[in-house]
Structure formats: C-alpha cells, structure tokens
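Report on the following structure.
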Amino acid sequence: MGKKKITVSVISDLTTDQRVIRICTTLQEMGFSVKVIARCFTNSLPLDTYPFEAKRIRCYWRKGILQYAEFNLRLFVRLLFCKTDYFLANDLDVLVPNYTIGKIRGKALFYDTHEYFTGVPELRDSHLKRKCWKFIENQIFPKLKTVYTVNESLKNIYTKEYGNEIAVIRNVPVTTRIDQNPLPENWKHKIILLLQGAGINKGRGGLQLMKAMQYLPDNYLLLFIGSGNQWDLLVKKRIKWGLENKVKLIDKLPPEKLKKYTPLAHIGFSLDSFEDLNCRFNLPNKIFDYIHAGVPVLATDIPEVDAIIKQYGVGRCFNSNEPEAIAKAIKELIEDEKAYLQYKVNCIAAAQELCWEIEKDKLIAIYKPYLQPH
C-alpha cells in the first residue's frame, strides 16, 4: 500500500516560508508523500533541497488582484489533475481552488491560516477588496473541518466569527546549531539593530525604525534583511534621510543563510502596528528566530508578542511605534547592561521550550488519523 499523498498550496515562493517548510518536512517524516505547489518570479531564490517534492508556478503579475487571479487559475488546473489524497491550503489567497477542487474530487482539505487575512494593512483603505475577500472567507470557512492557526488570539477571533474548532501550531524554529557569519570589518564596534523577515510590509514598523536612526549616534547600525511591499520605499527613504552609513538593506536570504546573520545583532525588532487586526494579533516567527539566536527583543506590545516577552524575559515591549519612542527604547535597553545580559541568558532557556521539536507534536496529532485508509 502506497503512502498517503498531500498536495500543499502556498502563494509565497517557498524558499523563505519557514512555516510551510517545517510543516511539510514533518508531514513527510510522519509517512505522508508531500508535494508543495508555490509561486515563482524571475527574481525568486532557487529552491533548496527538501525532503518533500516542491514545484513552483511561474507568474508574471506581482501586485494587485491580477497576481491572485493568475496564480489561482494556474493552481486550479494543477490541483484538478494532480494525484493526491488530501489538500492543504495555506491562507485565504489559495483557499478557493483548494476548496473547489476538494469538493469536485471528494478529497479532504486542511487549512492553515497564518494571519487574519482580511485585517491586513493593505486592505484598510480598500473596502471593496476587503469585502470581496471577506465574502470568500464567509462562504468557505464555516465548512472547513480541519483548521489550525499560529496563535491563541487568531484562534479566538476565528472561533467567534465562524464557530470552527481550531488548533494552534506556533511558528517556532527547529533547534539547530548556529554558526554566525564573521563580523564585517566596518560593522565592528557598532551596535547592530536588526529587522528581518519576508514580511517587511506596511504596518510592520520598518519606516519608523529607519527614521529612529536619525535620533541615534553614529555607532548604531541598522540592518534590514528580507523583503516586502515597503522594501522599495525603504531604499528611497534611506537616501532621502541621509542614512546610507547607518542603515544597510540586504535582500531576502534562504533560512540557512539568514540564521548566520541573526546572531550578529544586539537587538532584534518586531514593530507591528496597533491599527490593523492582523498586525495587532500577530505573532511573527522572527520573535522566535531572535530568541534562538540569543538576541534580546524590542517590540511593540501587541498581545501575543507581549505575552512571550514577559513570560520568558527575553526583552522589552513599549506601546508606541513613533521614531523618537523607538530610539529612546533602544538607548534605554543598551545602556541597562545588567538587564540586557540577563535577557540574553533568558533567550537560551526560552529556546529550549519554544522549539519545533515540542510544537510539532500538536501537528502530528492532527494528521496522524489520516495516515491510514478510511
């Protein structure tokens, strides 16, 4: 008897989507045959070597409704004819073809909702687009049998709206030995600040953090490592504000390369806004990446992030993402040497609990019944 097959869909290009990679690796290790279908552009990073099969759909459109329409139409055709036992959809932007084909073919569907999609900042001022996405979600979400998300806040929101039973699988890293990059010569004797991730988007505090550098001495160096819909704006503002010597932007890196940069930082940032539901109830995986690298965290006090930082004592939260407030919080943390060193020690202890080796047991419990024929 062959392995049960799961076809996984995600609109990211996969190479930097650590959650999808971790989950698919675990499913493959459980005994499933896993195939991922993701998106590809001309500037996408090459696929890594994974224990599961990974394919990408090359797309032309990068922005707006056309990017979703193009990918979903191509995905629909792939799913219609693929050999599979189950479908796994990652987020609302791939749910329609998965749900439709699942119904047509009589296949079970799993749904991993990484965020409160209809509450993202990009939809705040676009009421028509938000209504369209919310209409889609309203039609499908209540009918889904197996749903999981990234934190308790999102679970509670979705349960209140739709009544589904929802599990929580946090976005925590696999424990690995981290061999950091050698410190570049011109970074030596600098206090290195870091904001990393593939979601450096509107509402994530990137612009405010960059502007905060105007209020800090020249021995501070800010690194952005990643990508997002504000990346081009950051590039322009860096020049406009005369911060070429104090801010460095590094394009998105594969997870293994990114992990070598993270330990170089003195502080890791998570600066989600309070204005949008998705940002307010977010629990970004970069929080856990900083902790595993032994880097104290400075973050806005959105509920899920605040709870982790306070529980494990791995940094500080503050309630403003204004540039002057960020600069003040940075200086206070660096100047409090005793507290700073304790945060670093606490990161080591926290990483032993906030790891995929423990978290994946919840995922295994969800999928284990589906390994056997029904």
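The values are calculated or read from the model by the stated rules, or taken from the named source; none is laboratory data. Keep in mind that this is a model prediction, so the values were computed, not measured. Every residue, glycine among them, receives a Cβ derived from its backbone with ideal geometry; neighbour counts consider all protein chains shown. For the accessible areas, the whole protein counts, side chains as well, though only heavy atoms, and no ligand, DNA or RNA atoms are used. Shrake-Rupley method; radii C 1.70, N 1.55, O 1.52, S 1.80 Å.
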Only one of these is touching a helix residue (DSSP H, G or I) at 6+ places or on another chain (Cβ under 6 Å) and among the hydroxyl-bearing types (Ser, Thr, Tyr): Tyr148, Tyr162, Tyr111. Name it. Tyr162
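Let's see how each residue does on (1) in contact with a strand residue (DSSP E or B) (Cβ under 7 Å, 6 or more places away or on another chain); (2) under 19 Å from Phe274 (Cα atoms):
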position: Cys132; (1), (2): no, no
position: Ile140; (1), (2): no, no
position: Val147; (1), (2): yes, no
position: Tyr162; (1), (2): no, no
position: Val168; (1), (2): yes, no
position: Pro182; (1), (2): no, no
position: Lys190; (1), (2): yes, no
position: Leu193; (1), (2): yes, no
position: Leu209; (1), (2): yes, yes
If you go through segment 1-10 one residue at a time, how many are open to solvent by 20 Å² or more (accessible area, probe 1.4 Å) and at pLDDT 95 or above? 2
Set Thr118, Thr159, Thr146: member being crowded, with 17+ Cβ neighbours inside 10 Å and modelled with pLDDT of 95 or more: Thr146
Can you name the residue in segment 41-73 that is over 22 Å from Ile21 (Cα atoms) and surrounded by 15 or more Cβ atoms within 10 Å (Cβ to Cβ) and, of all such residues, is modelled with the highest pLDDT? Glu70
What's the number of the only condition in (1) farther than 22 Å from Ile348 by Cα; (2) out of contact with any Leu (no Cβ under 7 Å at 6 or more places or on another chain); (3) open to solvent by 40 Å² or more (accessible area, probe 1.4 Å) that Leu243 fails to meet? (3)
Inside segment 303-338, the number of residues satisfying the requirement of being closer than 15 Å to Gly268 by Cβ and in contact with a Gly (Cβ under 6 Å, 6 or more places away or on another chain) is 1
Among residues belonging to segment 185-212 that are among the charged types (D, E, K, R), part of a loop (DSSP other than H, G, I, E, B) and without any contact (Cβ under 8 Å) to a residue 60 or more places away in the chain, point out the one that is surrounded by the fewest Cβ atoms within 10 Å (Cβ to Cβ). Lys188
Residue among Lys63, Lys35, Lys55 that is over 27 Å from Thr176 (Cα atoms), of a type in the set (D, E, K, R) and out of contact with any helix residue (DSSP H, G or I) (no Cβ under 6 Å at 6 or more places or on another chain): Lys63
Test each condition in (1) surrounded by fewer than 24 Cβ atoms within 10 Å (Cβ to Cβ); (2) modelled with pLDDT of 95 or more; (3) among the polar types (S, T, N, Q) for Ser273 and report the one that comes out false. (2)
Using beta carbons and a limit of 7 Å, which pairs, at least six apart or on different chains, have the first residue in segment 23-37 and within 14 Å of Tyr86 (Cα to Cα) and the second one of a type outside the set (D, E, K, R) and part of a helix (DSSP H, G or I)? Leu27/Tyr367; Val34/Cys24; Val34/Leu27; Val34/Gln28; Val36/Val20; Val36/Cys24; Ile37/Leu75
Across (1) over 17 Å from the mean Cα position of the chain (by Cα); (2) buried (at least 17 other Cβ atoms within 10 Å of the Cβ), Asp218 clears everything bar (2)
Filter segment 267-292 down to the residues that are touching a Phe, Trp or Tyr at 6+ places or on another chain (Cβ under 8 Å) and among the charged types (D, E, K, R) and list them by number. Arg280
Pick out the one residue from Lys338, Lys257, Lys344, Lys310 that is at pLDDT below 95, open to solvent by 30 Å² or more (accessible area, probe 1.4 Å), over 20 Å from Gln208 (Cα atoms) and out of contact with any Ser or Thr (no Cβ under 9 Å at 6 or more places or on another chain). Lys257
Conditions (1) open to solvent by less than 60 Å² (accessible area, probe 1.4 Å); (2) without any contact (Cβ under 8 Å) to a residue 12 or more places away in the chain; (3) under 19 Å from Tyr290 (Cα atoms); (4) not polar (S, T, N, Q) -> Pro182 fails only (1)
Mind checking whether some residue in segment 30-40 is over 28 Å from Asp361 (Cβ atoms), of a type in the set (Lys, Arg) and open to solvent by less than 40 Å² (accessible area, probe 1.4 Å)? yes
Would you please name the residue that is farthest from Lys5 (Cα to Cα), looking only at residues in segment 145-159 that are in contact (Cβ under 8 Å) with a residue 40 or more places away in the chain and assigned to a loop (DSSP other than H, G, I, E, B)? Asn151
